[in-house]
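The values are calculated or read from the model by the stated rules, or taken from the named source; none is laboratory data. For clarity, every value in this text was computed on a predicted model and none was experimentally measured. Here the Cβ is made from the backbone with ideal geometry for all residues, glycine too, and neighbour counts use every protein chain on show.
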Amino acid sequence: MVTDLPTLRLAHASGGTAQAYLHGAHVTSWVPAGGSEALFLSRAASFAPGASIRGGVPIIFPQFAGMGPLPKHGFVRTQTWERVDDADRPDAVRLRLRDSAETRRLWPHAFLAELAVELGDDWLSIALTIHNTGDAAFQFTAALHTYLRVGDVRRATVEGLRGLRYRVTGEPERVDEEPEIAVTGPVDRVYLNTPPELRVHDAENGRDILLRSAGFADTVVWNPWAEATAALPDMEDDEYLEMLCVEAAQVGAPVRLEAGERWTGSQRMQVVPVERQSAL
Ligand code: TA6
């Protein structure tokens, strides 16, 4: 993948690695120790100013999807963040973005966004903190739009969402009665008030990915399937089979931050070979 955008590489003593871009504070790769790539990154992804990278973990703020007047999924995923830690730890990085004339033209608020990424042996944790640095309250929706790499999405399931309400754009709210979600066609659901732990079972790769979120109330599950993928210029036609987005999200009830207040939402991912199946 040829790109001029600056990247950061994380390494854990166990052998685990991760990669992130300052562009969007975008984590694009995570290889747990002794394992294989756990994040999907499209072979057709665009790495260009103004574009969001297709795959990895796009940071969605201050607007999820088209839920308001801002560009889809907000604007921080296409801004250049800065590194603010001392680079003294090879397994962690902290990135920051402040409001600027450009962001205030879109959204007239003073904010400081910080992304803390930490790598362990078989886990990766990403925490987004939003600080209202202005003198008036603001509201936002947000997500860590995590693209998980799966061996074959038709053999992958998401466990932990049974009995929960979900929204699909343009349809009445529904309740999921399935013990686990199997992906056999396009899926784009916002599950509301989800439990802090979910399990993605990747039968083809013989592994599970355990997801633990905090601060985010909701979970989005997305796979565009064949037709919508064909319409995406930055994703190859068959790549929908290799990915499943399970996103820690705050969508159902926007966060309101008074002047000076902070909010943090995080997602921790842990890869577990199916033989081990330990808890997080
Ligand atoms: O999180 C799911 C979603 O909102 C889908 O509706 C789909 O459009 C996806 O995000 C990707 O959006 P993007 O703007 O990155 O193409």
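Residue-by-condition table, conditions (1) out of contact with any helix residue (DSSP H, G or I) (no Cβ under 8 Å at 6 or more places or on another chain); (2) within 16 Å of the ligand (Cβ to nearest atom):
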| site | (1), (2) |
| --- | --- |
| E37 | yes, no |
| G50 | no, yes |
| G66 | yes, yes |
| D85 | yes, no |
| R89 | yes, no |
| P108 | yes, no |
| E118 | yes, no |
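Got a number for residues in segment 132-159 being crowded, with 23+ Cβ neighbours inside 10 Å, away from the ligand (no atom under 16 Å from the Cβ) and outside any loop (DSSP other than H, G, I, E, B)?
Residues flagged as crowded, with 23+ Cβ neighbours inside 10 Å, away from the ligand (no atom under 16 Å from the Cβ) and outside any loop (DSSP other than H, G, I, E, B) within segment 132-159 amount to 1.
Can you pull out every residue in segment 79-111 that is over 20 Å from the mean Cα position of the chain (by Cα), part of a loop (DSSP other than H, G, I, E, B) and of a type outside the set (A, V, I, L, M)?
Those that are over 20 Å from the mean Cα position of the chain (by Cα), part of a loop (DSSP other than H, G, I, E, B) and of a type outside the set (A, V, I, L, M): D85, D86, D88, R89, P90, D99, S100, W107, P108, H109.
Please go through segment 145-172 and give me each residue that is acidic (D, E) and at pLDDT 95 or above, ordered by number.
Residues satisfying the conditions are D152, E159.
Which one of these is aliphatic (A, V, I, L, M), loosely packed, with under 15 Cβ neighbours inside 10 Å and under 20 Å from Y240 (Cβ atoms): V168, V200, V190? Explain how you work it out, then say what you get.
Numbers: V200 fails: loosely packed, with under 15 Cβ neighbours inside 10 Å; V190 fails: loosely packed, with under 15 Cβ neighbours inside 10 Å.
Only one candidate qualifies: V168.
What tally of residues in segment 68-95 results from selecting those that are over 16 Å from A142 (Cα atoms) and surrounded by 16 or more Cβ atoms within 10 Å (Cβ to Cβ)?
So the answer is 6.
How about segment 222-271: which of its residues are closer than 23 Å to D121 by Cα and surrounded by 20 or more Cβ atoms within 10 Å (Cβ to Cβ)?
M243, L244, C245, V246, E247, A248, G265, Q267, R268, M269, Q270, V271
Output the residue which, of all residues in segment 160-174 that are within 15 Å of the ligand (Cβ to nearest atom) and not in a loop (DSSP other than H, G, I, E, B), is nearest to Q63 (Cα to Cα).
Ranking the candidates gives R167 first.
From the list A20, A127, exactly one residue is among the aliphatic types (A, V, I, L, M), surrounded by fewer than 20 Cβ atoms within 10 Å (Cβ to Cβ) and away from the ligand (no atom under 16 Å from the Cβ). Which is it? Can you show your working first?
Details: A20 fails: surrounded by fewer than 20 Cβ atoms within 10 Å (Cβ to Cβ).
Exactly one residue qualifies, and that residue is A127.
Every residue, every condition in (1) at pLDDT 95 or above; (2) away from the ligand (no atom under 13 Å from the Cβ); (3) assigned to a loop (DSSP other than H, G, I, E, B), yes or no:
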site: R43; (1), (2), (3): yes, yes, yes
site: I53; (1), (2), (3): yes, no, yes
site: Q63; (1), (2), (3): yes, no, yes
site: K72; (1), (2), (3): yes, no, yes
site: R77; (1), (2), (3): yes, no, no
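Here are some residues: A226, A182, A230, A217. Which one is more than 20 Å from E159 (Cα to Cα) and touching a residue at least 12 places away in the same chain (Cβ under 8 Å)?
Matching residue, one of A226, A182, A230, A217: A226.
Might you check whether a residue that is more than 16 Å from the chain's Cα centre (by Cα) and more than 21 Å from E247 (Cα to Cα) occurs anywhere in segment 148-157?
The first filter runs over segment 148-157 and keeps only residues more than 16 Å from the chain's Cα centre (by Cα), leaving 151-157.
Going one step further and asking which of them are more than 21 Å from E247 (Cα to Cα), we end up with none.
Looking through segment 148-157, none of the residues is more than 16 Å from the chain's Cα centre (by Cα) and more than 21 Å from E247 (Cα to Cα).
Would you kindly identify the strands (runs of 3 or more DSSP E) lying entirely within segment 190-280 that contain at least 3 residues that are away from the ligand (no atom under 16 Å from the Cβ), within 30 Å of N132 (Cβ to Cβ) and aliphatic (A, V, I, L, M)?
Those strands (runs of 3 or more DSSP E) span 243-257.
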